Amino acid sequence: MKTAWIDPVGGLAGDMLVAALIDAGAPEADVLAAVATLGMEGWTARTEKVWRGPFHATRFVVELAGESGATPHDPSHDHEHGHEHVHEHGHGHEHRHPPAHEPSVAHDGTAPPHAPAWRARSRRWADIRTLLEAAPLAERVRSRVIAAFSRLADAEGRVHGMPAEAVTFHEVGAVDSIVDMVAACAALECLGIDTLVVGTIPLGTGHTLGEHGWIPLPAPATLECLRGLAVEGRNIQGETVTPTGAALVGALATSGPIPAMTVLQTGVGAGTWDPASHPNVVRVLIGEGNAGAPSVVAELRAEVDSLHPEAVPPLIEALLRAGALDAYVTPVLMKKGRPALLVTALAPPSHRVAVGEALLRHGSTLGYRWQTLAREVLSRRFERVRTAWGEVNVKLGEREGQVLHAAPEFEECAAIAAQHDLPVSQVIGAALAAWSSARR
């Protein structure tokens, strides 16, 4: 299992995380190709190398049409750290604010006549979800982006006292912020990241002005997104964590120190803001989990008593597509003697929200319980063996170099058995015999 540890040295924003992952080796062309599948117009993106304190870092720059030569990431324009405004605030948590007579988004959610076209792209969360569901994204990329936007929509809903589905994003609904969110999840997929862990997140202080007046920092929705994660206050005037940065780690990561792993890649991503007080960067460490090291998994459970039996296999498939490591059902007897099914899914903590959403959407439950469990896992690898009818992968479970379990891949054995009209047990036995013979 490949893990990414996020070190928010100077803070955290969506574009900074994208930059760090590209710096660590995610192919920029592949990341941007994933974003392009959404079919949005009027944007381009690139990376550049910059200095932030002692760090020679990568910066991710999104350029939008109609900016008159300035880009949304140009500090001489109106941005500071990132580029997200959120529902109802109309302010830039990360922006140098335009004059009061030039609001970036009007109170009705539309752009003023003099605003560039990209600023008019306020979107309802329901519309963004439809856009993401229709795009031909890799399934894990889609589920992660939806989980992050869901986290932000839930946060905005709590702050403003409305259902998440009714939330309208203003600048977070704009093209550049959607690019950041999708690019971050696409970069994770390019690097094969299964689990994310984030270090203690630094929070600055101060305030910003929005459509409805004075707003303290950290912004309310940002704090809501960071629920369950470790934070600490810093004597920094300004916003160190943006809504998109908070939503991404809030939905996909757990808090903790550097996990036990073999480090494979590192990357440093820069924010636009370049203060003298500290380096405004995010670092990522990517590695493989060490054999025998303890890990954590999220367990989700819900009883269902009104799900048609034929709907059970599609439910299990939906949970697995959303990122569950395993999913199964157990017959139970509920109150009043009603027979029911207990649906259980195990998932990496980074996929907990996406798997929970799949459970709610494809099951008949009104809610679910979840908890984080510690577990120990063997190191796993595959060896390919040759049988009289074809080649088969054998999965090996090892501890300290000793093979404790060997199991041929069942689907491959079943396919060979069907092709040659053989009992599947005969193919499995032949694969094990071939593996044992190769070890002598």
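Any read-out appearing in this document is the output of simple, stated calculations on the displayed coordinates, not a laboratory observation. Since the model is a prediction, treat every value here as computed from it, not as a measurement. As a convention, Cβ positions derive from the backbone with ideal geometry for all residues, glycine included, and neighbour counts pool all protein chains shown.
Figures for the structure shown
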| quantity | calculated |
| --- | --- |
| Distance between modelled label sites at VAL312 and ALA138, nm, 7 Å Cα→Cβ extension | 3.3 |
| Charge context of ALA147, other residues only, Cβ under 9 angstrom, K/R +1, D/E -1 | +2 |
| Ascending count of other beta-carbon atoms within 10 Å, so fewest first, for TYR328, TYR368 | TYR328, TYR368 |
| Spacing of the two label points (7 Å from each Cα toward its C-beta) at ILE258 and HIS160, in nm | 4.2 |
| Extended-chain gain in nm, criterion 0.36 nm per residue less alpha-carbon gap, ALA433 and ASP305 | 41.6 nm |
| Fully extended contour minus Cα-Cα distance, from LEU360 to GLN265, at 0.36 nm per residue | 30.6 nm |
| Total formal charge among the other residues, if their Cβ is under 14 angstrom from that of ASP7, Lys/Arg +1 and Asp/Glu -1 | 0 |
| Cα centroid separation, segment 263-286 to segment 395-440 (Å) | 45 |
| Reachable lysines, given that their alpha-carbon falls under 27 Å from the alpha-carbon of LYS2 and they are not under 8 places away in the same chain | LYS49, LYS395 |
| Qualifying GluC sites (Glu not before Pro) for segment 1-50 [loop in DSSP, other Cβ within 10 Å: at most 10] | GLU41 |
| Local electrostatic count, ALA438, Cβ distance below 11 Å [Lys/Arg +1, Asp/Glu -1] | +3 |
| Extension gain from ASP421 to HIS207, taking 0.36 nm per residue of separation minus the Cα-Cα distance | 69.8 nm |
| Where labels lie 7 Å past Cα in the beta-carbon direction, separation of GLU232 and ARG399 in nm | 3.6 |
